[in-house]
Every structure is written in structure tokens, then in C-alpha cells.
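Participant: Got a structure for you, questions after.
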Amino acid sequence: MLNAERAPVTGKRVQLMATCLCDAFYDDVAAATVEVLEHLGVEVIFPEGQTCCGQPAFNGGDWVASRKVVRHTVKTFAGDEPVVVPSGSCAAMMFHGAVLEFENESDLPEVEALGRRTWELGDFIVNGLGVKTWPGKFAATVALHRACHTRGTGSIAAANLLLKSIVGVQVVEFGEVEQCCGFGGTFSVAFPNISTAMGALKLDHLRAAKPDILVSPDMSCMMHLTGLAAKEGQPIKAMHLAQVLRDALKAQ
Amino acid sequence: MRFQQFDQFAAELKADTRAAVYDGSKKGHEKRTKLLFDEYPDPNRLRHLAGEIKQHVIENLDTYLPAVEAKMKANGVQVHWAGTAEAANEAVLRIMRARGATKLVKAKTMVSEETELAAFLEKHGIEALETDLGEFIVQIDGDHPSHIVKPIIHKNRREIAQSFEREGLGAYNDDPATITQRARKFLRHKYLVADVGLTGANFVSAESGRMVLVTNEGNSRFCLAATKCHIAMIGIEKIVPRDYDLALFLNLLARSATAQELTVYTEFISGPKSPVQPDGPEVMHVIFVDNGRTEVLASTCREILRCIRCGACLNVCPVYRQASGHAYRSVYPGPVGAVLSPLLMGDKFPQKADLPKASSLCGACNEVCPVNIPIPDLLLRLRNRAKEENVPSPGTPPMGAWALLASQPLAWRASLLGGKLIDYVPTKLIPVPALQAWAAKRALPAWRGGEFRKWLKARRK
Amino acid sequence: MTAPDDRESILSRVRGALAPLHERAPLPDYSTEIAVMRSLVAGRDLVELLGERMKRVNGLALTEVAALVAHLRAGGWLHGYCDPVLWPRLAPHFGAELKVETEFDRTRVDDYAFGITRAAGAIAESGTLILHDATTSRRLAALTPWVHVAVVERAQIFSDLPQAVAALGRDPNVIWCTGPSKTADVEGILIEGVHGPGQQIALVLG
Ligand code: SF4
């Protein structure tokens, strides 16, 4: 959910927030994000000191710990360039979650300011830069997962628009898109039965639609769904939106 | 305990029950969505507006409550105030005793569920009969409702038929029409001999003092046609500013609760019956009930007082669908319950501090709520409160060490580069139980710590 | 006569809870027009629309007394009650086959298969009949029989909900009836005629 209108994008320079999941597991998603942005003529700055958006502790209720991390993040992403994140969830943490936990803190304005310039990747491309079509080719039937933390933002519509504009991409609809994949951060380990049952339902809907690839604007949902499918012995192929966009460019 | 009690409950739920709850909620949600979006160009505008109106009311209850009271008194209603559940029940009993009344029929009201009124009255020798079909079945079974709009969503027709047979309402027959007809026959004669009809209220207009009651079955109408005394138990947050606002709320409530354009019966009651009307209450009492609401009002979660008890957030909630209402151990289950139930506990908040954690924070509840309550934000605030009050939380990894690492870039990078983070700092960054809980049912992707940073450096050269 | 109760303590807790607020949320200014299904009602004949919308909720709108009599006969609802004020107007159309009482005896509620009372109006948009306490001859007669017939004057049909809300007036017990009594408590299956009428009929006259 967006808290405030974002500052319009003027320059062609952004800071990349790669997220801790890319740092630890999904390096190729971050790399694809860089390539995609550079293709659009955007200069990508990577603040080396970045760690995590602070969400794990925020969701766990430990706001003291979370604020510590957010303060670090605010410092690391100083400047006025847009901050682009290949994750709807971490982006929402910056423009919604962090604002909530800083409500009574004196440095709220700094946190809000960072929130106003933070964008999820697809949202940034379409609504920030005004790019409405994507070049290249990608021959696949894809299902687009509606990651929960993109609710109330332009991210899913943006991802849909871009995917549908790529030659060779067929986007299939599937059941109950508004339902969560069951990840939910610490929820996935504190409530493992419910979490995996939710994931199994999502997988059922996905498989029924028979896509070649599941596309997600968030690594965490992808990690949960692919992890679950793999453990069941019926792996599914999943890609991050940035990877599809990058691969389409390569096939140009 | 390694995991949450709530999660255990869900895991052990009978397959039948889970299926009943799941299907019932899913159907309810899908019908609602279709109706709202077919008929209104911008249903979200309606939700936001209704939310703003209710927020205005709860932030001005100090003026609205006395205003409503004055209007009601002018309309000939006797107004009572009850700070606690006990006080509310006592007030009902006092009114009954003063009349020498021994029989009460009641329509569905969530406040009376909070105060456990029926059980209280029975204990004091008063027959208190639930008349809503679902609540009636809950009562004869000694069960608890598991949904605020569909109390027996967890039961199937075979169980109900068995209960009816046991209660002498006819030989076993599980046809829903037969079940309904039998309840109709049995209950109509109960209304006719009752002294008092008890209801809640869905809305109260401050402008006119009129209370509004919506039902589909017509049981509240029967309560108020057959008896001579009407008692309404009303939560202090039920107010809307003006009659004018009712059209918006009635439209939203019916669509959100049961996917109807309008509930079958909408009753606008401003006092005892008309002098020319032979049937119905000659006296009307209203009991305004606090029972923890003023504490909610003082909290940072006061938005939950906007709730109009439509149940849409239950229906859409993936956790509710898996766990059922009884997992919440409260009168209010589902997302609304995960916020409201712990708050209504007052000092005993820790006993239900686990409920706000029973959510993936997916936000579907906020998206459907007809008064746009930011439920996920409230859940987060309560998680924070639980942490501040040091309530233990099984299965939730501690975050202190992680925060330390995540605010020191050198240490962070070292942990990324230092190889398998999982092997490195198991009890701090990713404590073993959490990892095990993950790995029992989900594979982990390959560890690629620091690879992106390496790639970027190479590219920049 | 009210016993001393918790009024003061509740109100003081409310004031205390609200005191820290720097500002209070204002009452938004809006038009109820946004809650009206305008495309549905615009330019429509209200009797016709009422009939359509009632049908959608399994109600029935009739415009001839003869049609009502035929309907009652066909359903086998041969014994009922009629508001004495209405009866002179309807009686000529009711044959001897139908037994109609103009007194309602609450000790024999099961005897009445139909009840005919006056409606104070109707709402076309929602297919709703409006009952007022002052003009409903007996609350029980409008509720307990299987068939309820509300006689509504053509001129009293509102187009939409906000109009009907604005006309609530001073009657102490206004009831909007939108279709027959129903429940979906058992496995979500819709069953009509729970505590109230299993048939809701509007007889539009005038
Ligand atoms: S919180 Fe909102 S959606 Fe849930 S019951 Fe209350 S009004 Fe309905």
C-alpha cells in the first residue's frame, strides 16, 4: 500500500536495493535488474553498505531491532535518486511498513522521504519511466503471481503490461489470484502447517493453468512455492520478472 | 512448544470441518466480489468513504454517545449503560425481574456472545432461546459459533440432523429444507409465549436515535412482534452520524456479509410500538455496552472499532480458511478477531497475543473490508505490543542478533562471503528450529551469498 | 427509574481515550448518489422495475387483485387474514372458496396461510416493500403466515434507497422487506421461509 504520492522520476540515475534474498540466494535476479535498468539507459548505483530492509524484525514485532536496520538503510540510501527494488515486499516495507514503525520517532521525515522515492522494479519501469512495452522475445506461457505486498500499488498491472507486450509471451490466468502463497516471513516457520497448506493450494491453481513458468515480482513467494514444489518431488519453474525482461532482451 | 498452538489446531482439524469452512468462505467471498464489482464502477470509493465516516464517529464518541442517548430518551426508550459483560447481563436480568418475566427470545447479536448472555440467564432461571437458525443449533449443541455471520459454517447437515433428532425435533432427516421447517415450527410457538425480545443493533443513527437491525430469517421481527418488551444490547461503537448515512452502510453491509444487494429485513426502530399497533413491545430498553471498547479506543488500534461485523475478512482470509473460527478461541475469529479479541482481553492480552501472529500479513482482509480497516497494520502493532510486553512467541526467531548484523555492512558482507550462512551462525541469524520448520516441507534454494556483488564488480571493471 | 449504572465511568473513559488526539477525523462530505445503482433505475417505470427487482430476490409483484386471488388458489393458500381497512376494496374479487378473517387471533397463528396488510411504500431499486407500524394492522399478520401480501399504492414507490431513507419519517418501527425470509445457515444452501413468510408479494394498486 502506498502511503503517499511518489516524487516523479526526473533523472536517469537510480540506486539499487538488491534485498537480502538476492544477496544470499537470488544473485541472478539482482543481476537481471541491473541489466534491465541499464538497457533503459538508467545508471545504476549500488550502495555497498546495504543489508536488508528491516522487514523480518518488523513483521516479527521487534520494532526496536527493525528500526535499527531501517536507520542503517536510510543512511545507506542517502541522496535523491529513486531507489529501485526487485521486490514488491521490500519496496512496501520502505514506503509503508517503515513509516508505520517510525510513527512516533523523531526521524520519521527521513524514513518517509526514502519511502517516497522507493519503487518496485515493474512499477518503476511503467509508472516511473513511462515505458509501456518491452522489446525482444521470450517464448513461454507464463502465470503472473500476484505477490501480496503489491496490493494497492501499480506493480501487478505494470508487470502484466510488460509481459503481455513481449513477443512470444502468453500470460495465463489462474484461480484465486488474491490468495497468498503462504510465505509471510516468520509466519512460514512459526505456523508451518497453515503456511504449507496455503502454498499447496496456490500450487494447485498454478498447475491447473499449465504455465511453462511462474513469474513473480518477489523472490520470497518464489522461494516458498518452488521450495514446496521441489520437496513434493514435482518441481515448478519460476522466474523473477527481471529475469524474464532480461532474457527477452537477450533474444532480440 | 515448537510451533504455535493455533497451527497445531489447524493441523488437527477434521478434514470434513476444514472442507466445510473452506468452501463456505470461498463461496461467500466470490459472490461478494462479483456483486460489488458488477454494480458499482468504483466499489473502493464506497469502502473508503464508509471507513472515513466510521473513523469520524469513533473519534467523536464523546459527543455522539450523549447525543444518541438524548434522542433515544426523547423517543421513549429507556437507556442503560454497562461497563462490563457482567454489568450488561445484570442489566438484562434486572429488567426481566422487574417485569416478572421468565422467558426471553433473542436474535443474533455479537455483543451478547461476548457477554455470554444466554448462559447467564439460564443460570438465573430464565429461559433464553436463540432464534437465529445457526445460533439455535449452536445452542442445542452447546457449541460455539465459528463465524460471525455464518455461525455454523463448520457443521454439515448430517451433524445438524443428528442434533435435531436428539432434541426431539423429528426423526433423522438431513434435508436442509426439512431442518429449516422443523426449526420454524418449533420456534414460532416459543416466540409467542416469551415475555422479552432481545436484539442487538447493526447501526444507530445519532441524528434520530433510530437503531437499525438487519436479518434474513425474520427472527428479530418475530421477537419484536410477539413480545411486549424489547431489550437491545448495543456496543458503544455502533453509531453512524445521520440517517442519511444509512443507505451507504446498508448497501455495503449486505453485499459484504452475504452478497445480497439488501438484507431481507431491515428494521428501523426508534422506540416502543406505535400506539395504534396491537402487537409488539410497549417498552424498549437499550443497554450501551463497553466491555473493553473504551480500552480499544485508547489504543493505537482504534480503527478496529469501525468494524460492522460483515465477516468478509473471514471469508477471504487464507488462514481462517485453513484453521476455522474455533482456532481463534474467541467470539471474534478471523482477521477482525485476530485484532479485536486480544484487545478485548484488557490486562489478559498475553493470553491471546498469539492471534495477531496467525497471519501471513497478505492484506486480503483490508482489501475487502467495507470500512477499509488497515487490519495488517493493526496486527503488526499488536505483534509489537506483544514483544514489548515480553510475551513468549513459539517458533518466532529472535531478531536482536540479526539486527546487529544487518546494521553493520562489514559483518553482513562477511557473513555473505563466509560461505554458508546457515552453517555459520545457526542459532543467531537463522536459528535451527526455524530452519528445520522450513526444511521439513520446503527445499531451500542454493546458497549464493555475495555472488551478485562479485558479478557487479566484474561488470563495472 | 434506571438504576445507577456505568454511564459516567464509560463516558469518562471515552473522553480520556480521545483526549490525546490532536485532531479528530472530520465527517466527509458526500452524496449518497454514489451508492445508487443509477444505470439500473434511470428512466425506468417504477412499477415495472419493482416487479423485476422483486423477482430477482424471489418475490412477486402483482397489479391485479384477480391475479392475487388466482395465485392464492393455485398455491392452495385458502385461509388467511386481511387488514380490515383493505378488505372492502379486495373482497369483491375473493370468491367463497377463500376464507378470509379480518381479526387476527394469535393463538391460531398456524391457521393463516396468507396475511394481507398495507405497505407504506416500496423501493424499486432493491425490490423492497416498506412497512410502517402505524399502517400495518398487525405485526404478526404481516409475518407469521406463509404468504405475505403487502398492498402498495403506485404513487408510493421510491426509486432508490437514499430516497426511502429520507422518507423514514416518525414511525417507530419501519421495516423494509426484500424478498421472502431466508437462511443459508445449513451448508450455505438457500432455504426460504425460516421464521417469516416463504412468499413475499406486492400488490400494486392505484
Ligand atoms: S473488519 Fe471489516 S471485513 Fe472484517 S468483519 Fe469487520 S467490517 Fe467486515
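The values are calculated or read from the model by the stated rules, or taken from the named source; none is laboratory data. Treat the numbers as computed from the prediction; the structure is a model and nothing was measured. Cβ coordinates were reconstructed from backbone atoms using ideal geometry, including for glycine residues, and neighbour counts include every protein chain displayed. For the accessible areas, the whole protein counts, side chains as well, though only heavy atoms, and no ligand, DNA or RNA atoms are used. Shrake-Rupley method; radii C 1.70, N 1.55, O 1.52, S 1.80 Å.
Participant: Please give the net charge around A:R13, taking every other residue with its beta carbon less than 10 angstrom from that of A:R13, where Lys and Arg add +1 and Asp and Glu add -1. Could the numbers behind the result be given before it?
Facilitator: Working: positive: A:K12; negative: A:E43, A:D80, A:E81.
So the surrounding residues net to -2.
Participant: Starting from the amide H of C:L203, placed 1.01 Å from N in the peptide plane, find each other amide H under 5 Å away whose residue is 5 or more places distant or on another chain.
Facilitator: Under 5 Å from the amide H of C:L203: C:L62, C:A150, C:V151, C:V152.
Participant: Mind jotting down the distance between the C-alpha centroids of the stretch C:127-206 and the stretch B:16-59, whole Å?
Facilitator: Spelled out, the Cα-based centre of one part sits 25 Å from the other.
Participant: What is the sum of charges around A:G227, taking Lys and Arg as +1, Asp and Glu as -1, for the other residues whose C-beta is under 9 Å from the C-beta of A:G227?
Facilitator: Details: positive: A:K231, B:K441, B:R442; negative: none.
Value of the local net charge: +3.
Participant: For the stretch B:81-155, list log₁₀ I(q)/I(0) at each q in 0.14, 0.22 Å⁻¹, using the Debye formula over Cα point scatterers of equal strength and ignoring solvent, two decimals each.
Facilitator: Results for the stretch B:81-155 at q = 0.14, 0.22 Å⁻¹ read -0.44, -0.99.
Participant: A further question follows. In sequence order, what are the phi-derived ³J(HN,Hα) couplings for the stretch C:75-88 according to the Karplus relation 6.51 cos²θ - 1.76 cosθ + 1.60 with θ = phi - 60°, rounded to whole Hz, with x for glycine and proline?
Facilitator: Each residue of the stretch C:75-88 in turn: x, x, 8, 9, 10, x, 10, 9, 3, x, 5, 7, 4, x Hz.
Participant: Something else now. Past 22 Å, Cα to Cα: identify those pairs from A:K68/B:K387; B:K123/B:K155; B:K73/B:K123; B:K155/B:K238, in the order given.
Facilitator: Details: A:K68/B:K387 16 Å; B:K123/B:K155 27 Å; B:K73/B:K123 31 Å; B:K155/B:K238 30 Å.
Pairs exceeding the cut-off: B:K123/B:K155; B:K73/B:K123; B:K155/B:K238.
Participant: Something else about it: What is the angle, in °, between the Cα long axis of helix C:46-56 and the longest principal axis of the Cα atoms in chain C? Nearest 10 is fine, range 0 to 90.
Facilitator: 90
Participant: At a 1.4 Å probe, what is the % contribution of carbon and sulfur to the accessible area of chain B?
Facilitator: Values: 8450 of 15640 Å².
Percent of accessible area from carbon and sulfur atoms in chain B: 54.
Participant: Could I ask something else about it? For the pairs B:K31/C:K182; B:K27/C:K182; A:K137/B:K441; A:K202/B:K441; B:K150/B:K273, note any where the Cα-Cα span goes beyond 24 Å. Mind dumping the intermediate values first?
Facilitator: On the way: B:K31/C:K182 17 Å; B:K27/C:K182 18 Å; A:K137/B:K441 36 Å; A:K202/B:K441 15 Å; B:K150/B:K273 30 Å.
Going by Cα-Cα distance, A:K137/B:K441; B:K150/B:K273 fall outside the 24 Å limit.
Participant: Right, here's the next one. Could you work out which residue, out of A:A190, A:A57, A:A78, moves most in a Gaussian network model of chain A, that is, has the largest mean-square fluctuation with Cα springs under 10 Å?
Facilitator: Between A:A190, A:A57, A:A78, it is A:A190 that shows the largest mean-square fluctuation.
Participant: Then there is this: Taking 7 Å along the Cα-to-C-beta vector as the label spot, tell me the A:D80-B:T178 distance in nanometres, rounded to one decimal.
Facilitator: Here the answer is 7.8 nm between the modelled labels.
Participant: Which whole number gives the average count of other chain Cβ atoms within 10 Å of the Cβ atoms across peptide B:199-210?
Facilitator: Numbers: counts 0, 0, 0, 0, 0, 0, 2, 0, 0, 2, 0, 4.
That works out to 1 on average.
Participant: Between the stretch B:107-182 and the stretch A:189-242, what's the alpha-carbon centroid distance in Å?
Facilitator: When both Cα centres are located, 41 Å separates them.
Participant: Oh, and also: Local charge sum around A:V84 (other residues, Cβ-Cβ under 11 Å, Lys/Arg +1, Asp/Glu -1)? If you can, show how the numbers build up before the last one.
Facilitator: Working: positive: A:R13, A:R117; negative: A:E81, A:E120, A:D123.
With Lys, Arg at +1 and Asp, Glu at -1, the neighbours total -1.
Participant: While we're on this one: Taking the Cα centre as origin and putting +1 on Lys and Arg beta-carbons and -1 on Asp and Glu beta-carbons, what dipole magnitude results for chain B, to the nearest 20 debye? Show your work: numbers first, answer last.
Facilitator: Details: 62 positive and 50 negative charges, 430 e Å.
That gives chain B a dipole magnitude of about 2060 debye.
Participant: To the nearest whole number, what is the average tally of beta carbon atoms from other chains within 10 Å of the beta carbons of peptide B:269-281?
Facilitator: Values: counts 6, 7, 5, 3, 5, 10, 3, 5, 11, 8, 11, 7, 2.
The shielding value for this peptide is 6.
Participant: Would you mind estimating how fast the protein assembly as shown diffuses translationally, via Stokes-Einstein at 25 °C and 0.890 mPa s with the Kirkwood radius over Cα pairs, in µm²/s? Kindly include the intermediate steps, with their values, before the conclusion.
Facilitator: Values: Rh = 29.6 Å.
This corresponds to a translational diffusion coefficient of 83 µm²/s.
Participant: Let me ask something else about it. Suppose each label sits 7 Å from its Cα in the direction of the beta carbon; what would the C:E103-B:A119 distance come out to in nanometres?
Facilitator: 4.7
Participant: For a quick check, take a GNM of chain A with Cα springs below 10 Å and name the residue from A:F25, A:F46, A:F102 with the largest mean-square fluctuation.
Facilitator: A:F25
Participant: What are the residues whose amide H is under 5 Å from the amide H of A:V215, where those residues sit 5 or more places off or on another chain and H is modelled from the backbone?
Facilitator: It is A:A143, A:L144, A:H145, A:M239, by chain and number.
Participant: Using Cα pairs closer than 8 Å and at least 6 residues apart in sequence, work out the relative contact order for the stretch C:43-205, in percent. Walk me through the numbers before you get to the answer.
Facilitator: Working: 346 pairs, mean separation 46.5, N = 163.
With pairs under 8 Å counted, the relative contact order is 29 percent.
Participant: Which one, B:G197, A:G11, B:A458, projects farthest toward the positive side of the charge dipole computed for the protein assembly as shown from Cβ point charges (K/R +1, D/E -1)?
Facilitator: B:A458
Participant: Separate question: Suppose a student asked you for the relative contact order of chain B, using Cα pairs under 8 Å spaced at least 6 residues apart; what percent would you report? Intermediate values should be presented prior to the final figure.
Facilitator: Values: 744 pairs, mean separation 93.3, N = 461.
Relative contact order here is 20 percent.
Participant: How big is the gap, in Å, between the Cα center of the stretch A:1-52 and the Cα center of the stretch A:107-122?
Facilitator: When both Cα centres are located, 13 Å separates them.
Participant: At most 12 other Cβ atoms within 10 Å and a DSSP loop assignment: could you name the trypsin sites (Lys or Arg not before Pro) in the stretch B:9-60 that fit?
Facilitator: Values: sites: B:K14, B:R18, B:K26, B:K27, B:K31, B:R32, B:K34, B:R45, B:R47, B:K54; in loops: B:K14.
Answer by residue number: B:K14.
Participant: Using a Gaussian network model of chain C whose springs link C-alpha atoms within less than 10 Å, name the residue from C:I34, C:I130, C:I175 with the highest mean-square fluctuation.
Facilitator: C:I34
Participant: Could you give me the ³J(HN,Hα) list for the stretch B:446-461, computed from phi with Karplus coefficients 6.51, -1.76, 1.60 and θ = phi - 60°, whole Hz, x at Gly and Pro?
Facilitator: Computed from phi, the couplings for the stretch B:446-461 are 5, 6, 10, x, x, 4, 4, 4, 4, 4, 5, 4, 4, 5, 6, 6 Hz.
Participant: With the full set of protein chains in place, find how many percent of the accessible area of chain A is carbon and sulfur; take the probe as 1.4 Å.
Facilitator: Working: 4450 of 8250 Å².
Its accessible area is 54 percent carbon and sulfur atoms.
Participant: Please compute the per residue accessible area over the stretch B:40-291 with all protein chains in place, 1.4 Å probe, rounded to a whole number of Å². Walk me through the intermediate numbers first.
Facilitator: On the way: 7260 Å² over 252 residues.
Using a 1.4 Å probe on heavy atoms only, each residue of the stretch B:40-291 averages 29 Å².
Participant: Given a Förster distance of 35 Å, report the FRET efficiency between B:L444 and A:E43 from their Cβ-Cβ distance, rounded to the nearest 0.05. Let's see the in-between values first.
Facilitator: Numbers: r = 34 Å, r/R0 = 0.98.
Once rounded, the FRET efficiency stands at 0.55.
Participant: Spelling out what I want: for every residue of the stretch C:143-150, take phi, set θ = phi - 60°, compute 6.51 cos²θ - 1.76 cosθ + 1.60 (Karplus), and round to whole Hz; glycine and proline get x.
Facilitator: Whole-Hz 3J(HN,Hα) from phi for the stretch C:143-150: 10, 7, x, 5, 10, 10, 10, 10.
Participant: Over the alpha carbons of the stretch A:3-128, what is the largest minus smallest coordinate on each principal axis, giving the biggest first in Å?
Facilitator: Principal extents (Cα only, largest first): 40, 32, 21 Å.
Participant: Computed FRET efficiency, Cβ-Cβ of B:A15 and A:A200, R0 22 Å: what is it to the nearest 0.05?
Facilitator: FRET efficiency, B:A15 to A:A200: 0.95.
Participant: Then there's this: Can you tell me what share of the DSSP beta bridges in chain C is antiparallel? A percent to the nearest 5 is fine.
Facilitator: Values: 8 of 31 bridges.
If we restrict to bridges inside chain C, about 25 percent are antiparallel.
Participant: Averaged over peptide B:312-323, how many Cβ atoms belonging to another chain are found within 10 Å of each residue's Cβ? Could the numbers behind the result be given before it?
Facilitator: Working: counts 0, 0, 0, 0, 3, 2, 15, 9, 1, 5, 9, 4.
Mean partner-chain Cβ count within 10 Å for B:312-323: 4.
Participant: A:E5 versus A:E112, label points 7 Å from Cα toward the beta carbon: distance in nm?
Facilitator: 1.5
Participant: Given Cβ point charges of +1 (Lys, Arg) and -1 (Asp, Glu) and nothing else, what value in debye, to the nearest 20, does the dipole of the stretch C:43-205 about its Cα centre take? Intermediate results must be reported in sequence, preceding the final value.
Facilitator: On the way: 15 positive and 19 negative charges, 32 e Å.
Dipole magnitude for the stretch C:43-205 comes out near 160 debye.
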